[in-house]
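Encoded as structure tokens, the structure appears first; notes follow it.
The values are calculated or read from the model by the stated rules, or taken from the named source; none is laboratory data. What you see is a predicted model; the values in this text were computed from it and never measured. Note: ideal-geometry Cβ built from the backbone for every residue, glycine included; neighbour counts use all protein chains shown.
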Amino acid sequence: MFKGFSGVWTPVFPAWSIRGVPVATQLAGEPVVLFRDQDGQIGTLIDRCPHRGAALSHGRLTPEGRLECPFHGWQFDRTGNNCHVPLNPDAKRETLSAVALPTRVIGDLVWVFTASGPAPFEPSVPEGLSAPGLARTYVQRTWRCHWTRAMENMLDSPHLPFVHRRSIGKALRQQMTAHSKMEITWEDTDFGGRAKARMDGRDGGAFLEYYKPNLMALHIPIPGKHLRIHALVIPEQNDRTRIIICQSRDFARARPLNLLFSWMNRRIADEDQDVVESSGTNEVPPAQLEKSVATDRATLQFRKYYYSELRESQADQPH
């Protein structure tokens, strides 16, 4: 299961989008279903009934908060335990469980671990996605690309004055000259890494953080204020990636302002989409197979991690 993306925590959906019906998605090629039980707790199961393989997401939630298979009515709780097998009162239900995945709700987001059984560690979550009291604006997009292409885009500073010349890269483009030089520094961290871009020796104070395996947090400097733009890059299939852009801030909290911030975030994401999709749907290749320069330092760090730690990963298929 989860070939090339196993044994990691990933955000999947905002928690408020999981309500009274099962929510189906794909995660690194594996069908999963999320649902909220009677106590309001969210669970994640592999979207296949262990009986005859029917999609559990096509079923319904019972009044007890169990997920009922549409084929023969088997019922499962959010931990995968089989709670009822109709017409078979003597069935050994303890041997008839569905496959559950570790699930956490942190801040507004549901996080899922891409392997069954207890997760050996907890997710690393940026402050902007977990701290209370912040206003957060979410935008979701689906791109036709391999997730590694989208992730590298989120870590790439040199594209800002070109792809985003009329939005977040406008000021940088105005400062550029034909002889400008950008320098990228990279610092390894426990959660991934921190990158800072300086152009012509100027430090504007912005920096980005990479949270393994698929999250970026851009710190935008405003004196005395918190402003972050997060990019959550969620692999669904080899050629389809779901992007969640979340902006967090401790000012301009009024709900009507979310419309303005949503428009801005959609514009930025849509500017990126066409360029990234033009690279095709294949994963990023090994570094030596593409030409690179000094300003590619952050993306090359990601590529090193992907090929050394993640690409060959695969979770065992539970019986």
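Which residue, of Ser278, Ser248, is hydroxyl-bearing (Ser, Thr, Tyr) and in contact with a strand residue (DSSP E or B) (Cβ under 8 Å, 6 or more places away or on another chain)? Going through Ser278, Ser248 in turn, the sole match is Ser248. When only residues in segment 92-123 that are among the basic types (Lys, Arg) and more than 22 Å from Tyr138 (Cα to Cα) count, which is surrounded by the fewest Cβ atoms within 10 Å (Cβ to Cβ)? Result: Lys92. Exactly one residue out of Val21, Val32 is more than 22 Å from Glu312 (Cα to Cα) and not in a helix (DSSP H, G or I), and it is Val21.
For segment 244-252, state whether one or more residues are of a type in the set (S, T, N, Q) and in contact with a Cys (Cβ under 6 Å, 6 or more places away or on another chain). Looking for residues that are of a type in the set (S, T, N, Q) and in contact with a Cys (Cβ under 6 Å, 6 or more places away or on another chain), one finds none in segment 244-252, hence no. Does Pro31 satisfy being under 29 Å from Tyr306 (Cα atoms), out of contact with any Phe, Trp or Tyr (no Cβ under 8 Å at 6 or more places or on another chain), at pLDDT 95 or above and outside the structural domain of Gln140 (by TED's automatic domain parsing)? Taking the combined requirement at face value, the residue satisfies it.
Within segment 241-287, the set of residues being of a type in the set (D, E, K, R) and closer than 20 Å to Tyr307 by Cα comprises just one member, Glu283.
Of the residues making up segment 73-107, those that are over 27 Å from the mean Cα position of the chain (by Cα) and among the hydrophobic types (A, V, I, L, M, F, W, C) are Trp74, Cys83, Val85, Leu87, Ala91, Leu96.
Could you check, for segment 220-227, whether at least one of its residues is touching a helix residue (DSSP H, G or I) at 6+ places or on another chain (Cβ under 7 Å), without any contact (Cβ under 8 Å) to a residue 40 or more places away in the chain and loosely packed, with under 15 Cβ neighbours inside 10 Å? No, because not a single residue in segment 220-227 is touching a helix residue (DSSP H, G or I) at 6+ places or on another chain (Cβ under 7 Å), without any contact (Cβ under 8 Å) to a residue 40 or more places away in the chain and loosely packed, with under 15 Cβ neighbours inside 10 Å. Assigned by TED's automatic domain parsing to the domain that holds Lys181, farther than 16 Å from Ala150 by Cα and at pLDDT 95 or above: does that describe Thr299? No; evaluated as a whole, the condition is false for this residue. Whenever a residue of segment 20-45 is touching a residue at least 60 places away in the same chain (Cβ under 8 Å) and at positive phi, its partners that are among the hydroxyl-bearing types (Ser, Thr, Tyr) and crowded, with 20+ Cβ neighbours inside 10 Å, lying with C-beta atoms within less than 7 angstrom and at least six residues away or across chains, give the pairs Ala28/Thr114.
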